[in-house]
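A short reminder: the numbers here are calculations on the coordinates, not readings from a lab. None of the values given here were measured: they were computed from a predicted structure. Using ideal geometry, Cβ is built from the backbone for each residue, glycine included, and neighbour counts are taken over all protein chains shown.
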Ligand SMILES: [Zn+2]
């Protein structure tokens, strides 16, 4: 068993044999809320001036062979024994670590759920479920100032990470940095408002479906969203991606205020559905909240479908 010291004086994790007790680390690196396991391990390795494979090696966790991957395109799964080693090393009890890292205790694709030698393996993630960039200032604060990149899982709808304190957001895994939302104070304002009330996930999903359709089909709020997108891309030239336009990668962000307004309005619909005679009053209320002169959804509009769903 060996421990080494880097030129900067940070202690590397002890390299131990299979029968050795798990190593404990000298540095404390706290996870960010909903952080991807791969993101947390990369930050942890960075704090020790190690690469991720070297950190796993030091923890005596076998990294299953596979293509070189990294967040956000892949997630790192640890079997229970490897999870235990990570908890000991980080000084973070397993329930706390599992709460902070939502994928930590989820079974991986290779059935690494049972006991066995500590093992880690990469699982590729499709873009629709990939984690998003976290505010660089918050990451730096949680990484002892050594690191500014981290990835966290957003809610399922709308898919966004927002830091209202530093006014940064992640809306698509293809962006090379978080977006600066200071030119769009309505996004911060909306998010702070949302934090004060609880909107059920069902209504958020419906509202996201509806505003996504309106956005894609240039309906109802097209001009407002176009203006907002222009302000966002001017402040964030890195949103211009070679294969995905900002109109697509910033969609959830551009529509965010109206998505939340709509979701809040949908919570007014009683569980047994809205009577036909109440549709006009509801649409009038919704149009007022969205600052639209009127709202008359066509039969193929998902809002029409929601109003007629029980
Ligand atoms: Zn922040």
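Hey, how many Å between the Cα centroid of the range 184-250 and the Cα centroid of the range 70-110?
Rounded to whole Å, the Cα centres lie 32 Å apart.
If one takes the longest principal axis of the Cα atoms in the chain, at what angle in degrees, from 0 to 90 and to the nearest 10, does the Cα axis of helix 201-216 lie?
The angle comes out at about 70 degrees.
Compute the Rg to Rh ratio over the chain from the alpha carbon atoms, using the Kirkwood formula for Rh, and round to two decimal places.
Details: Rg = 22.8 Å, Rh = 21.6 Å.
Value, to two decimals: 1.06.
Mind pulling the angle between the C-alpha long axis of helix 256-266 and the longest principal axis of the chain? Nearest 10 degrees, somewhere in 0 to 90.
60 degrees
For a Förster distance of 41 Å, can you work out the FRET efficiency between the beta-carbons of residue 73 and residue 287, rounded to the nearest 0.05? Don't jump to the answer; show the numbers that get you there.
On the way: r = 42 Å, r/R0 = 1.02.
Once the sixth-power term is evaluated, E becomes 0.50.
If you take the square roots of the eigenvalues of the alpha-carbon gyration tensor of the range 208-310 and sort them as a ≥ b ≥ c, do you get rounded (a/c under 1.5), prolate (a/b over b/c) or oblate?
Details: a/c = 2.64, a/b = 2.28, b/c = 1.16.
Prolate is the answer for the range 208-310, as a/c is 1.5 or above and a/b outweighs b/c.
Angle between the Cα long axis of helix 279-289 and the longest principal axis of the chain, 0 to 90 degrees, nearest 10?
With rounding to tens, the tilt is 60 degrees.
Quick check on the chain: of the DSSP beta bridges with both residues there, what percent are antiparallel, nearest 5%?
Numbers: 15 of 17 bridges.
Approximately 90 percent, going by the DSSP bridge assignments.
Using only Cα atoms, locate the centre of the range 118-160 and the centre of the range 272-307, then give the distance between them in Å, rounded to an integer.
So the two Cα centres are separated by 37 Å.
What FRET efficiency comes out for the pair residue 177/residue 106, r = Cβ-Cβ distance, R0 = 41 Å, nearest 0.05? Before the final figure, lay out each step's value.
Details: r = 28 Å, r/R0 = 0.68.
My answer for the efficiency is 0.90.
Grab the DSSP H runs of the chain that are 4 residues or longer, score each as -39,500 (n - 2.57), total them, divide by all residues and round the 222 nm result to the nearest 500 deg cm²/dmol.
On the way: 13 runs with 121 residues, N = 310.
Computed mean residue ellipticity for the chain: -11000 deg cm²/dmol.
Please rank 85, 310, fewest neighbouring Cβ atoms within 10 Å first, as an exposure proxy. If you can, show how the numbers build up before the last one.
Values: 85 24, 310 8.
Least to most surrounded, the residues fall as 310, 85.
Using a/c under 1.5 as the rounded threshold, could you call the range 158-255 rounded, prolate or oblate? The axes a ≥ b ≥ c are square roots of the C-alpha gyration tensor eigenvalues, and prolate needs a/b larger than b/c, oblate otherwise. Show your work: numbers first, answer last.
Details: a/c = 1.57, a/b = 1.15, b/c = 1.37.
Oblate.
Tell me the relative contact order for the range 154-307 as a rounded percent, counting alpha carbon contacts under 8 Å between residues six or more apart. Don't jump to the answer; show the numbers that get you there.
Values: 166 pairs, mean separation 39.3, N = 154.
Once divided by the residue count of the range 154-307, the mean separation gives 26 percent.
With the cut-off at 1.5 for a/c, could you classify the range 37-129 from its C-alpha gyration tensor as rounded, prolate or oblate? All intermediate terms of the calculation are to be shown ahead of the outcome.
On the way: a/c = 1.23, a/b = 1.11, b/c = 1.11.
It comes out rounded by the Cα gyration axes.
Between residue 226 and residue 296, what length in nm is gained on full extension when 0.36 nm per residue of separation is reduced by their alpha carbon distance? Numbers along the way, then the final one.
Details: separation 70, 0.36 × 70 = 25.20 nm, distance 2.12 nm.
Extending this stretch completely gives an extra 23.1 nm.
Can you sort 291, 203, 35 from fewest to most other Cβ atoms within 10 Å of each residue's own Cβ?
Working: 291 10, 203 20, 35 26.
Arranged by neighbour count, lowest to highest, 291, 203, 35 become 291, 203, 35.
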